[in-house]
Amino acid sequence: MKLICGQLIWFEGDPLRQGLGVARHLAHGAVLVNAGRIVARGEAAALRAAHPHVPAIDHGNALISAGFVDAHVHYPQTAIVASWGKRLIDWLNSYTFPEEARFADPAYAAAIADRYLDLVLARGTTTVCTYATIHPASVDAIFAAAQARGLRLFAGKTCMDRNAPENLRDTAQSAYDDSKALLEKWQGTDRLGYVITPRFSPTSTPEQLSALGMLWREYPDCLMQTHLSEQTDEIAWVRDLFPQSRDYLDTYEAQGLLREGAVFGHAIHLTEREKSRLAEAGASVVHCPTSNTFIGSGLFDMTLAQTLPVGLATDTGGGSSFSMLRTMAAAYEVAQLRGQSLHPAQLWWLATMGSARALKADHQIGNIAPGMEADLVVIDLASTPAIAQASARADDLWQAIFPTIMMGDDRAVQCVYVAGQQVMGKSSSSA
Ligand code: GUN
Ligand code: ZN
């Protein structure tokens with residue numbers, strides 16, 4: 001057992017739908033952790049008095065939150081982050097596919113998986129949902145790296161059987177067989193979840209989408225992830241490739257890939273039918289704001305969060321940052337451009353509970369509450385002189401946090417706990 005003390009924030013509900021009153025704060029709080037889980041949260045003095053023999057770690061004025069949850073990433077694109085120029089299809093062909101081809105080498109996949117997880121942990125992200133490449137060993141690499149760090153993590157083999165280089169194509173049958181073998185090997189092992197992963201309709205034939213729909217019917221408890229309506233020329237391409245389909249979403253829906261547990265990345269240029277079908281089906285969408293500005297995709301409509309589970313994500317390496325702080329800042333800016341101001345509490349919720357809920361893991365991660373897994377990030381709200389002087393002006397907690405959201409980076413992340421164990425961090429005093 002241990003007591004982790006500092007300023008606590010947590011949520012009693014969804015501040016986008018239920019108002020800001022569901023965001024909670026204790027200036028002198030503590031989290032009681034045992035065997036990887038949160039046992040209690042409350043006033044530090046009361047918890048210390050009730051548990052006098054439990055060691056306490058005092059983080060002072062630093063903010064203790066649930067670790068960040070990044071709901072859509074491509075860990076194999078770590079090394080090509082911030083590659084200049086191009087829009088989506090060019091960017092995939094010029095940078096992404098050549099890099100993903102390197103994952104034919106399992107040693108390369110293992111090295112990048114380690115590098116990626118170290119980068120995100122240093123930024124306070126404790127769970128990601130990632131695409132691997134078409135190579136089964138790229139899935140083994142990220143799951144093994146997550147397992148070694150004790151992380152809750154979601155991943156799946158990317159499936160593509162057309163419109164990709166020959167060395168990056170599988171078939172409908174091999175995508176089904178390989179995905180099934182990986183699913184049986186990893187789903188539910190430790191804290192790992194398998195995600196059935198057709199990359200997107202342009203790179204999967206209807207036969208492949210159908211085979212993966214069949215696999216999902218056999219394993220209904222796992223997630224399914226793909227891309228939806230990211231760029232207008234991509235949507236036009238889908239229309240050409242699937243003349244029978246009513247719209248982009250229908251290319252998935254027709255093959256059994258639309259229901260609760262489906263996680264659609266981007267979802268920017270949606271028709272009214274697509275919006276209502278996503279909501280009826282209980283599917284999730286994921287907002288990737290740094291990617292959407294970097295690749296020039298468009299401005300996500302946050303009013304979708306009133307009817308659908310919406311997660312937040314970096315979309316590494318289409319996104320230009322590994323940091324969920326930077327991603328919250330971009331979500332704020334994108335919303336401003338649409339006249340939809342997001343409060344810091346709503347941004348923080350999206351980066352924790354919102355993403356956890358989009359991945360159907362909000363009973364395990366994303367909040368500080370008894371019974372939840374003890375994945376925590378400790379944030380220094382005065383990590384640079386510029387942030388410190390702005391934060392010092394604040395007259396409430398959320399104003400004090402906002403400069404860190406807008407200007408913070410890995411220097412703001414003082415310490416990270418995974419399942420109650422400190423995995424990275426600067427010094428903290430014990431008392
Ligand atoms: N659409 C299909 N594949 C990708 C990808 O790797 N990144 C992004 N941003 N969009 C995609
Ligand atoms: Zn993506």
Fill in the blank from the handout: Checked region 203-248 for anything within 15 Å of ligand 1 (Cβ to nearest atom), touching a residue at least 40 places away in the same chain (Cβ under 8 Å) and of a type outside the set (A, V, I, L, M); matches are T203, S204, Q208, Q225, S229, E230, Q231, T232, D233, E234, W237, Y248
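Among the residues of region 362-387, write down those that are among the hydroxyl-bearing types (S, T, Y) and surrounded by fewer than 18 Cβ atoms within 10 Å (Cβ to Cβ).
Residues of region 362-387 that are among the hydroxyl-bearing types (S, T, Y), as a first pass: 383-384.
Hit for region 362-387 is T384, nothing else.
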Practice task
Spot the failing condition for G67; the list is (1) over 26 Å from the mean Cα position of the chain (by Cα); (2) crowded, with 23+ Cβ neighbours inside 10 Å, and only one is missed.
Solution key: (1)
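For T316, indicate whether it is of a type in the set (V, I, T) and assigned to a helix (DSSP H, G or I). Even if it seems obvious, please write down each step before you answer.
Working: of a type in the set (V, I, T): yes; assigned to a helix (DSSP H, G or I): no.
The answer is no for T316.
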Practice task
Can you give me the number of residues within region 64-103 that are on the phi < 0 side of the Ramachandran plot and touching a helix residue (DSSP H, G or I) at 6+ places or on another chain (Cβ under 7 Å)?
Solution key: 23
Exercise for the section: Return a yes/no flag: does region 86-106 have any residue that is under 30 Å from I235 (Cβ atoms), open to solvent by 20 Å² or more (accessible area, probe 1.4 Å) and β-branched (V, I, T). Expected result: yes
Exercise for the section: Name the residue, out of A390, A400, that is open to solvent by 10 Å² or more (accessible area, probe 1.4 Å), in contact with a Ser or Thr (Cβ under 8 Å, 6 or more places away or on another chain), over 30 Å from A148 (Cβ atoms) and not in a strand (DSSP E or B). Expected result: A400
Fill in the blank from the handout: Residue hits (region 107-140; over 17 Å from T327 (Cβ atoms), more than 16 Å from ligand 1 (Cβ to nearest atom) and open to solvent by 10 Å² or more (accessible area, probe 1.4 Å)) are A107, Y108, A110, A111, D114, R115, D118, P136, A137, D140
Problem - Among residues of region 200-237, those that are within 16 Å of ligand 2 (Cβ to nearest atom), more than 20 Å from A132 (Cβ to Cβ) and not in a helix (DSSP H, G or I), counted - result: 2
Handout entry: Tally of residues being among the aliphatic types (A, V, I, L, M) and assigned to a strand (DSSP E or B) across region 254-269
Key = 2
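The values are calculated or read from the model by the stated rules, or taken from the named source; none is laboratory data. All figures in this text were calculated on a predicted structure; none of them were measured in a lab. Positions of Cβ are generated from backbone atoms using ideal geometry, with glycine treated the same way; all protein chains shown enter the neighbour counts. Ligands, DNA and RNA are excluded from the accessible area calculation, which covers all protein heavy atoms including side chains. Shrake-Rupley method; radii C 1.70, N 1.55, O 1.52, S 1.80 Å.
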